[in-house]
Amino acid sequence: MQECGAKCVAFNIQPAGLESCLRNRFPDSGSQLLGFNQVPKVTFPSEPDYAKVKHTYGGSMYPAVVIYVEDEDEVIDVLKCAYDNGYQVSARGRGHQYQGLSTMHGHVIIDMSLTCNPDEFVIDRSSAGNHILPGQKYIATMKAQAGCSTAVITAAVHENFDPVEGALSILGGCPSVGLIGFVLGGGSGDTTPWMGWATDIATEFDVVLYNGTKVVASKHENPDLFWALRGGGGGFGVVTALTQKVVQGPTPLDPSSDRKYTWVNVPFDTSTPEKLDKFLITFQDFMYEFDPVKSGKFGGGANINTNDAKLYGLYLGSWKEFVLDWTEAGLLDPDILIQENGSLWENYQVKCSNAEPCDVDGFPSFGKMDLKEFDTYGESMAYKLCNSGAGVSSFRGTRRSSDVCADLGIDAKYCSPIPDSDNNKVDCTPDKEIYDATLAKMLDPESYINHLGGDFETPTDSMYGGIVFTKLEHETIVDLAKIGFRVFHFQHGAPMHVAKEDAALPWRDTAILTQFKAAERDFRYEIMSRLAQDAAYGGDVDNLQGYYNYMFPGRDTNWEKFYFDENYHELKQIRGKYDPLDRFGKPFYVDSTPEAKTKKSSKKKSKKRSMTVV
Ligand SMILES: Cc1cc2nc3c(=O)[nH]c(=O)nc-3n(C[C@H](O)[C@H](O)[C@H](O)COP(=O)(O)OP(=O)(O)OC[C@H]3O[C@@H](n4cnc5c(N)ncnc54)[C@H](O)[C@@H]3O)c2cc1C
């Protein structure tokens, strides 16, 4: 490859040169169709499969060519073809970027999905140590190829670690969310309050730079690149592999008992001003003030309004430990719980349902709560996928067929028809067969579970945007409840105890992530303008804190601060160093033109919290 200096910035593109370079490199590119999508290795716009390979979550994009690479050498060769012919490049993981930017117009798209091979993951048990919060440990590291989804990682952890080890992963809300895009923008899931953002468990990246040079980014090698890759959004190179910590779950209160994992769903009564006040005070105290080693065992989401509120998600412990922790936190106060019967799964049996009072020792006789206890983290996550879309669907967001029992290869007795539809759904009963089959599909990178589809395939309201926020004044959160808001993920606990300067991800004082659909413009505006009036934001919407992985559609003013805060300036230096010719440049990537090395201070200084980082 020839160095061409600053003149390359003009991108003197040569379509014929690009085509001939790629045809020479991949002479049989059309002879075999690859993967779940059955696509050719290389597809140009004039070819019949172009519509299929350019399809994105965020709408129609028109890339110059899409190449499904299968290893790192192919990444290097494609980068060389692009470079020599003046093209910009976008790496694509699993294609979930909400605005379709991984399939950028005019770019050469390097699709990494076929590189994922769980048989070749490298698990290093000699690499172990303390994690973020006091007493936390990671028990190994696991290296995976860049094309994997977060579901493959979760299933591989389940497959390779004994249940007594209590190994965890971070699974995206949709199982097929790509590993690298997730980490580049932050990465939050149900275990984030215990483990940190996905950026906080990354230990090493293998990267190919714009000119085909291979580098490693870790705490010890290219630490500036390592810092930038953890939350800096992307554009530094093509990541080909990622090594992550395998963090251990909490030790059971009685260390001689087996580890358990409990799905919880607790509705609260917020129908009077007194109950609403009590709930919101207790809720914010739990998020921001309660012992993070205890609160961090719970992660998930919430719906909060002035009629009722619901907290739901995964608790890393037994249902009995859950009752103890949440009673101590004040969240199981009879005054604020909905007074109906609860339900319980224990030892893979339905111990009681909502139909009558639950006569199980230790199960609260007051207040509705649905608790489902599992023996392994993997099974609890498989339950989540089974139950996703419960009532109207199951395995929501996956490329399921109309018969999901057939997709999973399980007995049809587990499925029932969905009314007014040709589809069936899995009745998520406590039968291990369902969860074992789900985990087997999660482990297969080319299964339907690892491909976005179904109700998410061509979404009409796909353009989400997300905001994270800090502890609010009581009046503010009451007003938000009056508007009604949803929490998509929590980041209390461990993520708030990592130093702000540890990674490019800027927000370390925010426990709550809310998200909006494109169709919800007025709602979004209402929430944002009320939030901005809180003392934390000083009356200025420009001080709000955005979540890069939930990118706003068309937010083009002040996005640098919204997503990266003061880290933007450092990121710009690093982009300039590793991608000096802007080969990976595209909208909402940090600009690669280096600037004078003076850090501008942001208007809103983040609150510094105590930290323990390994
Ligand atoms: C249905 C759905 C559910 C989601 N749920 C969650 C959730 O629970 N939690 C959460 O935090 N986020 C969630 N997200 C957001 C998700 O984290 C981001 O969209 C993330 O970017 C997806 O990664 P990807 O590889 O699938 O995306 P892609 O669109 O493939 O890539 C995203 C960005 O990363 C870059 N990139 C990808 N791979 C590489 C690579 N190998 N090297 C260099 N750059 C690369 C791309 O160029 C692009 O800029 C969800 C998104 C969707 C659509």
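What follows draws every value from the coordinates through simple rules; no lab data is involved. Bear in mind that the values here come from a model prediction, so they are computed numbers and not experimental data. Cβ coordinates were reconstructed from backbone atoms using ideal geometry, including for glycine residues, and neighbour counts include every protein chain displayed.
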Residues with amide H under 5 Å of Arg92's amide H, sequence separation 5 or more or different chain, H placed in the peptide plane at 1.01 Å from N; which?
Ile110, Asp111, Met112
Work out from phi, with θ = phi - 60° and the Karplus expression 6.51 cos²θ - 1.76 cosθ + 1.60, the ³J(HN,Hα) of each residue of the range 178-189, listed in order in whole Hz, and give x for Gly and Pro.
x, 4, 7, x, 3, 6, 4, x, x, x, 10, x
Partners for Lys413 among aspartates and glutamates (Cα-Cα distance below 15 Å; same-chain residues under 8 apart left out)
Asp403, Asp427, Asp431, Glu433
Give me the angle, in degrees from 0 to 90, between the Cα long axis of helix 432-443 and the longest principal axis of the Cα atoms of the chain, rounded to the nearest 10.
20 degrees
Tell me, what HN-Hα J-couplings in whole Hz come from the Karplus equation 6.51 cos²θ - 1.76 cosθ + 1.60 at θ = phi - 60° for each residue of the range 11-28, using x for Gly and Pro?
6, 7, 7, 10, x, 5, x, 4, 4, 5, 4, 6, 5, 5, 6, 10, x, 9
The range 5-112: Rg to Rh, with Rh as the Kirkwood radius over Cα pairs
0.94
So what J values fall out for the range 486-496 if you push phi through Karplus, 6.51 cos²θ - 1.76 cosθ + 1.60 with θ = phi - 60°, rounded to Hz, Gly and Pro as x?
10, 10, 8, 8, 9, 10, 6, x, 3, x, 8
Give the value in nm², to one decimal: projected area of the alpha carbon convex hull of the range 318-385, averaged over all directions.
4.9 nm²
Virtual spin-label span in nm between Asp375 and Asp422, 7 Å along Cα→Cβ
4.0 nm
Scattering from the C-alpha atoms of the chain alone, worked out with Debye: what is log10 I(q)/I(0) at q = 0.05, 0.09 1/Å?
-0.21, -0.70
At most 15 other Cβ within 10 Å, DSSP loop - GluC sites (Glu not before Pro), the range 286-342
Glu289, Glu340
Taking a straight Cα-to-Cα line shorter than 12 Å from Lys432, and setting aside same-chain aspartates and glutamates fewer than 8 residues away, one finds Asp375, Glu379
Can you check what the net charge comes to around Phe121, using other residues whose Cβ is under 11 Å from the Cβ of Phe121 (Lys, Arg +1; Asp, Glu -1)?
-3
Just tell me the longest site-free run in the chain, where the sites are trypsin sites (Lys or Arg not before Pro) in a DSSP loop having at most 16 other beta-carbon atoms within 10 Å.
220-516
MRE, 222 nm, helices only [DSSP H, n ≥ 4, -39500 (n - 2.57), over the chain, to nearest 500]
-7000 deg cm²/dmol
Name the residue farthest towards the positive end of the dipole of the chain from the options Tyr548, Val164, Val323, assuming +1 on Cβ of Lys and Arg, -1 on Cβ of Asp and Glu, about the Cα centre.
Tyr548
